[in-house]
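Below is one structure, written out as structure tokens; comments come after it.
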Amino acid sequence: MASSCGTLGGHLARRLVQIGVHDVFSVPGDFNLTLLDHLIAEPNLNLVGCCNELNAGYAADGYARAKGVGACVVTFTVGGLSVLNAIAGAYSESLPVICIVGGPNSNDYGTNRILHHTIGLPDFTQELQCFRTVTCAQAVVNNLEDAHEQIDSAISTALKESKPVYISISCNLPGIPHPTFDREPVPYFLAPISSNPLGLEAAVEEAAKFLNKSVKPVIVAGCKLRVAKAQKSFMEFANASGYPIAIMPSAKGLVPECHPNFIGTYWGAISTNFVGEIVESADAYIFVGPIFNDYSSVGYSLLIKKEKLITVQPNRVTISHGPSLGWVFMADFLSALAKKIKKNSTALENYQRIFVPSGVPLKNQKDEPLRVNILFKHIQEMLSGETAVIAETGDSWFNCQKLRLPENCGYEFQMQYGSIGWSVGATLGYAQASPDKRVIACIGDGSFQVTAQDISTMIRCGQNTIIFLINNGGYTIEVEIHDGPYNVIKNWDYTGLVNAIHNGEGKCWTCKVRTEEELLAAIETATGAQKDSLCFIEVFVHKDDTSKELLEWGSRVSDANSRPPNPQ
């Protein structure tokens, strides 16, 4: 590091390591090459070269899910606008991703020059304008005097707000020594936030009164548990209350499913068996960190009544039609409420009375074409605390949602943004951040075609992910919303493609599967002889073989999408 000591590039590299980033996903371009030199020079930082900027952004998203923060580096405009979609996804999922762009030479700002990689105007702000709406802070670093302050301010804002930030660094600045970078950066001190004591007291008092007079209350976890860092407090309240614990689909993986009070997923008409009935028949429900969008509400069809509802968001509590109290933080509220709540297991006992275990999928006959429910039955058997599941947008959402996660088994999907192809890059990033877990990714053929190239990077990084490529000939999720010839895709020889990418370098094993017997043999090989290899298993299923949940969800979302305009 001696050569870069006291430079902007060295400072940024050490800052990234300091906040927990040890892998940066990048695509080189002439505006960021000098910066990449300085990142490579940091011994605790590994530069992971990706095949395209979109996947680099998705990888930083996946890395942030596992590590708490991620980073990517791309070049000006052509790279920045390419990664933009992934950064928008990270914003929607409240993930702190540091998006670093190599910018124009500092001397070119304020001139009338036209540069390459731009739209042909001397105004260089197009990229910045695009990032303003999908990041919580932006820094354009084109002089050294305030570079230290701009970089540190942007990174700390990402950590505080749990959202992506954009940092553009002029290409001629990373290697120039400056006195502001002379010493090792002082670690951040992010001052802990605490609730307004009077607001917290009022919220707890009102919520306890509301819940303690109810007969059969339930608790439902939402995805904002993660950004609020309130998972421990959630379980503290759940244990104290005795209520049955349900999750919204986007909260899967945030609540231990081995807990005795866990009953499954609340997703309206497509909830886990008996869960919808228990939640919707409750006389009080406390939703913790929910997002009620058209997808999570199954086309706005949830039977949730506001007069029975307590909504706990990261910094606000709203009780029924009554008080809404701000600057009350989720973790503080749940911990305090746990001390005031009366134990009430009525709804849990009701659930246990009506519960009938799900049937086991009918066994495939010898040489019978493989069915999706048989595939996921065997994926269920692969799960442990040493695995993590990545579910791609599509029918995998619904099939993976039904998996019962063992303790410490990871689980990720992108429900709010729902960008097809997300899982390939996210799998790369998550596996890079969690070498102690074996990632199992379930990806549809249509989604895979969007981002397939970075299988190459997984092999280069020595990852041992198992990818189930579900080949059903098209965009199945879109077929169930609105069918048309545009949902049929050109079939690829997917294992042949991956073998070509492998090209004899690194560890990679592929297999085609058409029957249950072939699937079992493939899983045995992937978890045995090829346990250290990237394993790509192409699973052929019928184009109409979908989960029943997708059929119901698709018809309801279709109805929501096709509502006629309101009368003028």
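Table: residues versus (1) open to solvent by 20 Å² or more (accessible area, probe 1.4 Å); (2) assigned by the TED database to the domain that holds VAL317; (3) aromatic (Phe, Trp, Tyr).
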residue: ALA251; (1), (2), (3): no, yes, no
residue: PRO256; (1), (2), (3): yes, yes, no
residue: ILE270; (1), (2), (3): no, yes, no
residue: ASN273; (1), (2), (3): yes, yes, no
residue: PHE287; (1), (2), (3): no, yes, yes
residue: PRO290; (1), (2), (3): no, yes, no
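Name the residue, out of SER170, SER153, that is among the small types (Gly, Ala, Ser), open to solvent by less than 10 Å² (accessible area, probe 1.4 Å) and farther than 24 Å from LEU54 by Cβ. Full working, then the answer.
On the way: SER153 fails: open to solvent by less than 10 Å² (accessible area, probe 1.4 Å).
When all the criteria are applied, what remains is SER170.
Per the conditions (1) part of a helix (DSSP H, G or I); (2) in contact with a strand residue (DSSP E or B) (Cβ under 8 Å, 6 or more places away or on another chain); (3) not β-branched (Val, Ile, Thr), the sole criterion not satisfied by GLU149 is (2).
Restricting to the range 156-182, name every residue that is of a type in the set (Ser, Thr, Tyr) and in contact with a Cys (Cβ under 8 Å, 6 or more places away or on another chain). If you could, list the steps in order and put the result at the bottom.
First, pick out the residues of the range 156-182 that are of a type in the set (Ser, Thr, Tyr): 156-157, 162, 166, 168, 170, 180.
THR157, TYR166, listed by residue number.
When the range 436-471 is limited to residues that are among the small types (Gly, Ala, Ser) and within 20 Å of GLN530 (Cα to Cα), the one that is surrounded by the fewest Cβ atoms within 10 Å (Cβ to Cβ) turns out to be GLY462.
Considering each of SER301, SER324, SER320, SER281 in turn, give the residue that is free of Cβ contacts under 8 Å to residues at least 12 places away in the same chain and either surrounded by fewer than 19 Cβ atoms within 10 Å (Cβ to Cβ) or in the same structural domain as ILE477 (by the TED database) (or both). Talk me through it step by step, then tell me what you get.
Values: SER301 fails: free of Cβ contacts under 8 Å to residues at least 12 places away in the same chain; SER320 fails: free of Cβ contacts under 8 Å to residues at least 12 places away in the same chain; SER281 fails: free of Cβ contacts under 8 Å to residues at least 12 places away in the same chain.
SER324 is the lone residue from the list that is free of Cβ contacts under 8 Å to residues at least 12 places away in the same chain and either surrounded by fewer than 19 Cβ atoms within 10 Å (Cβ to Cβ) or in the same structural domain as ILE477 (by the TED database) (or both).
The residues listed here are LEU35, LEU84; of these, the one that is open to solvent by less than 10 Å² (accessible area, probe 1.4 Å), within 22 Å of SER156 (Cα to Cα), in a helix (DSSP H, G or I) and in the same structural domain as GLN138 (by the TED database) is LEU35. From the list LEU520, LEU551, the lone residue that is modelled with pLDDT under 95 and either farther than 21 Å from GLY474 by Cα or open to solvent by 70 Å² or more (accessible area, probe 1.4 Å) (or both) is LEU551. Taking the range 97-151 as the range and being charged (D, E, K, R) and farther than 17 Å from ASN172 by Cβ as the test, the residues that pass are ASP123, GLU127, ARG132, GLU149. Scanning the range 445-464 for residues that are at pLDDT 95 or above and under 17 Å from GLN414 (Cβ atoms) yields a total of 4.
When ILE420, ILE481 are checked against the criterion of being modelled with pLDDT under 95, under 17 Å from ALA56 (Cα atoms), outside the structural domain of PRO96 (by the TED database) and open to solvent by 20 Å² or more (accessible area, probe 1.4 Å), a single residue qualifies: ILE420. Among residues of the range 139-165 that are farther than 19 Å from THR125 by Cβ and in contact (Cβ under 8 Å) with a residue 40 or more places away in the chain, those with a beta-carbon under 7 Å from a residue that is aromatic (Phe, Trp, Tyr) and buried (at least 17 other Cβ atoms within 10 Å of the Cβ) at least six positions away or on a different chain give the pairs HIS148/PHE181; LYS163/TYR91.
Scoring LYS342 on the criteria (1) open to solvent by 30 Å² or more (accessible area, probe 1.4 Å); (2) within 22 Å of SER250 (Cα to Cα); (3) part of a loop (DSSP other than H, G, I, E, B) leaves a single failure, condition (2). Within the range 368-408, the set of residues being over 19 Å from the mean Cα position of the chain (by Cα) and β-branched (Val, Ile, Thr) comprises VAL372, ILE374, ILE379.
Could you say whether any residue in the range 199-215 is of a type in the set (S, T, N, Q), closer than 30 Å to ARG14 by Cα and open to solvent by 30 Å² or more (accessible area, probe 1.4 Å)? No, that holds for no residue.
Just so you know, in the range 498-516 the residues that are buried (at least 18 other Cβ atoms within 10 Å of the Cβ) and β-branched (Val, Ile, Thr) include one that is farthest from ASN364 (Cα to Cα), and it is ILE501.
Considering only the range 94-107, state which residues are open to solvent by less than 20 Å² (accessible area, probe 1.4 Å) and outside any loop (DSSP other than H, G, I, E, B). Within the range 94-107, VAL97, ILE98, CYS99, ILE100, VAL101, GLY102, GLY103 meet the criteria. Applying a threshold of 6 Å to beta carbon distances and a minimum spacing of six or more residues, or different chains, the list of pairs starting in the range 85-104 at a residue that is closer than 7 Å to PRO164 by Cβ and ending at one that is assigned to a strand (DSSP E or B) and among the small types (Gly, Ala, Ser) reads VAL97/GLY70.
Taking the condition on the phi < 0 side of the Ramachandran plot, open to solvent by 30 Å² or more (accessible area, probe 1.4 Å) and in a loop (DSSP other than H, G, I, E, B), does ILE114 pass?
Working: on the phi < 0 side of the Ramachandran plot: yes; open to solvent by 30 Å² or more (accessible area, probe 1.4 Å): yes; in a loop (DSSP other than H, G, I, E, B): yes.
The answer is yes for ILE114.
Restricting the first member to the range 188-210 and to residues that are outside the structural domain of LYS343 (by the TED database), and the second to residues that are assigned to a helix (DSSP H, G or I) and open to solvent by 60 Å² or more (accessible area, probe 1.4 Å), the beta-carbon pairs closer than 7 Å and six or more apart or on different chains are LEU190/LYS160. Cβ-Cβ contacts under 7 Å between residues 6 or more apart (or on different chains), taken from a first residue in the range 341-356 that is more than 14 Å from ALA238 (Cβ to Cβ) to a second residue that is among the β-branched types (Val, Ile, Thr) and open to solvent by 40 Å² or more (accessible area, probe 1.4 Å), are listed as THR346/VAL215.
Note on the range 368-393: residues that are of a type outside the set (A, V, I, L, M) and touching a strand residue (DSSP E or B) at 6+ places or on another chain (Cβ under 6 Å) amount to 2. Just give me the residues in the range 46-68 being in a strand (DSSP E or B) and either open to solvent by 20 Å² or more (accessible area, probe 1.4 Å) or out of contact with any Ser or Thr (no Cβ under 7 Å at 6 or more places or on another chain) (or both), in sequence order. Matches in the range 46-68: ASN46, LEU47, GLY49.
The values are calculated or read from the model by the stated rules, or taken from the named source; none is laboratory data. Since we're looking at a predicted model, the values are computed, not measured. Every residue, glycine among them, receives a Cβ derived from its backbone with ideal geometry; neighbour counts consider all protein chains shown. The accessibility values were calculated without ligands, DNA or RNA, using every heavy atom of the protein model including side chains. Shrake-Rupley method; radii C 1.70, N 1.55, O 1.52, S 1.80 Å.
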